[in-house]
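Shown next, in structure tokens, is the structure this report addresses.
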Amino acid sequence: MATIASPSETSLYLNAFDKTIQFEGVMKTIDDDYWTSDIVPILYPLWDSDKDKLELFVQYKDNTVKMNKTKYQRNQKTGAYKWVSYQFDLAPFPTEVNDLYTRIVEKWTEYRVGQENDLERALAASFSKSTILNWTKVTLMRNFLLMDSDWTQLGDAPLSTEEKAKWVTYRQKLRDIPEEQKDNAANAVVFPITPSKHAKLGDGITYLGDVSHFYTIPQSVYSKFSTRIVNYLALAIGTAAIDEMPVTSISRPNTSLDPNTGDNDLDNILKMIDEGDFGE
């Protein structure tokens, strides 16, 4: 039976039984219609046929290749037929293998772009109709702010020791929001201003030492973050895995989502977002 290939070792991995394709560490589960219309013509009849089926094709990062197939064959002793797995010798087909790799990568890219664009449009349309701020969106915005300030913690960041210390305080305050403000309504959650903003204030008050150093999310700010939330969800929901890491590293759904996101899945996703049914 075909097994999952490690992204650290492979450039391309195709599992014909599961209809999954992994390229450069990103795995997609291909829907049946696209597989039939665009992938099958590439595989048939050289690599896949009714009685000699493709199990998996792997091209490793060192350019070596491997193909497993399963053949329907007769047992000479019993006369019974059964499916038998074997490794197919690709050595006689260097040109064909190169063509297979190129065409599969092209179709994987086409599928990924189309899937994510469709989902982005659907999510964006729904987000544009909703002005409700809930804890799911607060958590996502908090994490985006952390990501935006990652540069301040680099060794070569152009900051003084004092400035870097303030950024550490800022980032910790962001991390503390879910615990410190868990009893607050989402629209009452306050965020710390950045050290850069504090420096411009010049109020002489210790950083984060006054209520004026905190703000609630106005609609204008939420609108800006909505685009980032949509882009993130489109990638996270439409992708099965990225380099063996969960794609929902910013916010993990409490329930599993089918990577083949259709209308029903989208409805469930939007319901989860509206109800705040996402974990940290």
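The values are calculated or read from the model by the stated rules, or taken from the named source; none is laboratory data. These figures come from a predicted structure and were not determined experimentally. Cβ sites come from the backbone with ideal geometry, for glycine too, and all protein chains shown count toward neighbours.
Which numbered condition trips up Phe127, out of (1) at pLDDT 85 or above; (2) under 23 Å from the mean Cα position of the chain (by Cα)? Evaluating Phe127 over (1) at pLDDT 85 or above; (2) under 23 Å from the mean Cα position of the chain (by Cα) leaves (1) as the failure.
Inclusion of Leu174 among residues that are within 13 Å of Val138 (Cβ to Cβ), surrounded by 13 or more Cβ atoms within 10 Å (Cβ to Cβ), without any contact (Cβ under 8 Å) to a residue 40 or more places away in the chain and in contact with a Ser or Thr (Cβ under 9 Å, 6 or more places away or on another chain) is warranted. For Thr139, the stated conditions hold: it is under 21 Å from Phe225 (Cβ atoms), modelled with pLDDT under 90, surrounded by 17 or more Cβ atoms within 10 Å (Cβ to Cβ) and of a type in the set (Ser, Thr, Tyr). Within segment 181-216, being in contact (Cβ under 8 Å) with a residue 12 or more places away in the chain and part of a loop (DSSP other than H, G, I, E, B) holds for Val189, Ile193, Thr194, Tyr207, Leu208.
Regarding Leu90, is this residue in a loop (DSSP other than H, G, I, E, B) and either out of contact with any strand residue (DSSP E or B) (no Cβ under 6 Å at 6 or more places or on another chain) or of a type in the set (Ser, Thr, Tyr) (or both)? Answer is no for this residue.
Give the residue that is surrounded by the most Cβ atoms within 10 Å (Cβ to Cβ), with candidates limited to residues of segment 70-110 that are farther than 22 Å from Lys51 by Cβ and touching a helix residue (DSSP H, G or I) at 6+ places or on another chain (Cβ under 6 Å). My answer is Lys107. Of everything listed in (1) in contact (Cβ under 8 Å) with a residue 12 or more places away in the chain; (2) over 15 Å from Thr194 (Cβ atoms); (3) of a type in the set (A, V, I, L, M, F, W, C), the single unmet condition for Phe144 is (2).
Screening segment 24-66 for residues that are at pLDDT below 90 and in a strand (DSSP E or B) and picking the one that is farthest from Val84 (Cα to Cα) gives Val26.
The set of residues in segment 1-23 that are at pLDDT below 90 and closer than 19 Å to Ser85 by Cβ comprises Met1, Ala2, Thr3, Ile4, Ala5. The residues of segment 67-87 that are of a type in the set (A, V, I, L, M, F, W, C) and part of a loop (DSSP other than H, G, I, E, B) amount to a single one, Ala80. Restricting Glu110, Glu96 to residues that are within 27 Å of Gly25 (Cβ to Cβ), at pLDDT below 95, charged (D, E, K, R) and outside the structural domain of Leu208 (by TED's automatic domain parsing) narrows the list to Glu110. Considering segment 57-91, and only residues there that are small (Gly, Ala, Ser) and more than 34 Å from the chain's Cα centre (by Cα), the residue that is nearest to Val40 (Cα to Cα) turns out to be Ala91.
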